[in-house]
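One structure below.
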Amino acid sequence: MSMSQLQFSLLMLPLLAAGLVACGDGSQIGHETEGEAEESGEPLDIDGDGAIVKPSSYLTVVGRVENVRLGPNGPQLKAKIDTGALSSSIDAQNIERFERDGDEWVRFDTKSNGGEALSFERPVVDTVRIKSASSEGQERPVVEMPLCIAGIVQTVRVTLADRTGLNYRFLVGRQALEKGNLLINVKQAFSAEPRCDREA
């Protein structure tokens, strides 16, 4: 075994232990036995090396950027998949806080991929302070919104942020990726249809 092969094997050990190794086609390989796979009642798929491949329902692969919808049939936005961010965020303009039935709400505007003006009103579920090198920090409201990505619809927490000048109006963070069992293939882009028929 060459040194490079040994290094690769050592890197793969933690993934093998967790049962999560990505195949070249974006599916997932687990370490269960053939008998265990048959007992699960899921269709058995064996690759060329004799390894058992998890069914596509186990994890869903998305690219580094995708089109998403705000709800199963909602407006479509281009989104960046960002594992460096915990929560998701959306480009929000004309942010206005107000009170409704004793609760704090927020009203904001954004635009779809086609430039359609969109307005939303949502209860404020949290407030975060974003610090930067040039300022002491800015408070931003957090709301919950339905997100449709790669055939899965889920309710996610979204921070309202001015993303003017950025390429993508929506950013999908780690919480949404984990809840939706989504796996990123950085070689892909706009590979998942934003049509949703199941919930996370």
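Since every read-out is calculated from the coordinates, none of them should be taken as a lab result. Just so you know, these numbers come straight off a predicted model, no measurement behind them. Here the Cβ is made from the backbone with ideal geometry for all residues, glycine too, and neighbour counts use every protein chain on show.
Below are the figures for this structure:
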{"quantity": "Nonlocal amide H pairs with L183, under 5 Å, H built at 1.01 Å", "calculated": "T60, V61, V62"}
{"quantity": "Extended-chain gain in nm, criterion 0.36 nm per residue less alpha-carbon gap, N181 and R107", "calculated": "23.6 nm"}
{"quantity": "Additional length obtainable on full extension of the chain from N73 to D126, 0.36 nm per residue less Cα span", "calculated": "16.5 nm"}
{"quantity": "Proxy reagent accessibility, fewest Cβ within 10 Å first, across Y168, Y58", "calculated": "Y58, Y168"}
{"quantity": "Relative contact order (%) - segment 62-199, alpha-carbon pairs under 8 angstrom, separation at least six", "calculated": "38"}
{"quantity": "Distance in nm between pseudo-label sites at E193 and F98 (7 Å out along the Cβ direction from Cα)", "calculated": "3.9"}
{"quantity": "FRET efficiency, T83 to L118 (Cβ-Cβ, R0 25 Å, nearest 0.05)", "calculated": "0.40"}
{"quantity": "Burial ordering of S191, S89, fewest other beta-carbon atoms within 10 Å first", "calculated": "S191, S89"}
